[in-house]
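Here is the structure we will look at, set down as structure tokens.
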């Protein structure tokens, strides 16, 4: 468990961690895809998920980002087009996307009040 007073060594620098967090709580972050960089990732002296949290600063905001990303990624309305549609069609699609985002209700009242 990390504490708010603890400093983590990451590479040659020391990054303060402002949140008490267990590594199990970072399981919502998907693992990186396997590839040619695995050799270097496996030899790293730090946990990249802890680094991501340290850079983002707020675990709840990070959870929200991943929730939004995953939801929009799975929705065909947000899929990339092979050929760019005409401008009028893009406007129509954008309007549908905005409506859909509002329907998902990603922003809770607590988030709205904090803005």
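The values are calculated or read from the model by the stated rules, or taken from the named source; none is laboratory data. As the structure is a prediction and not an experimental result, all values here were calculated from the model. Here Cβ is always computed from backbone atoms with ideal geometry, including for glycine, and neighbour counts include all displayed protein chains.
Worth pointing out:
Yes/no per residue for (1) farther than 24 Å from residue 101 by Cβ; (2) modelled with pLDDT of 85 or more; (3) not assigned by TED's automatic domain parsing to the domain that holds residue 98:
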| residue | (1), (2), (3) |
| --- | --- |
| 16 | yes, no, yes |
| 21 | yes, no, yes |
| 38 | yes, yes, yes |
| 44 | yes, yes, yes |
| 48 | yes, yes, yes |
| 69 | no, yes, yes |
| 79 | no, yes, no |
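- If you go through the stretch 73-100 and pick out every residue that is free of Cβ contacts under 8 Å to residues at least 12 places away in the same chain and surrounded by 12 or more Cβ atoms within 10 Å (Cβ to Cβ), you end up with 2.
- Given (1) more than 28 Å from residue 100 (Cα to Cα); (2) surrounded by 11 or more Cβ atoms within 10 Å (Cβ to Cβ); (3) at pLDDT 55 or above, index of the condition residue 29 fails: (1)
- Filtering the stretch 58-67 for residues that are modelled with pLDDT under 95 and outside any helix (DSSP H, G or I) leaves a non-empty set.
- Restricting attention to the stretch 101-115, the residues that are part of a loop (DSSP other than H, G, I, E, B) and touching a residue at least 40 places away in the same chain (Cβ under 8 Å) total 1.
- Residue count for the stretch 30-54, restricted to those that are without any contact (Cβ under 8 Å) to a residue 12 or more places away in the chain and not in a loop (DSSP other than H, G, I, E, B): 5.
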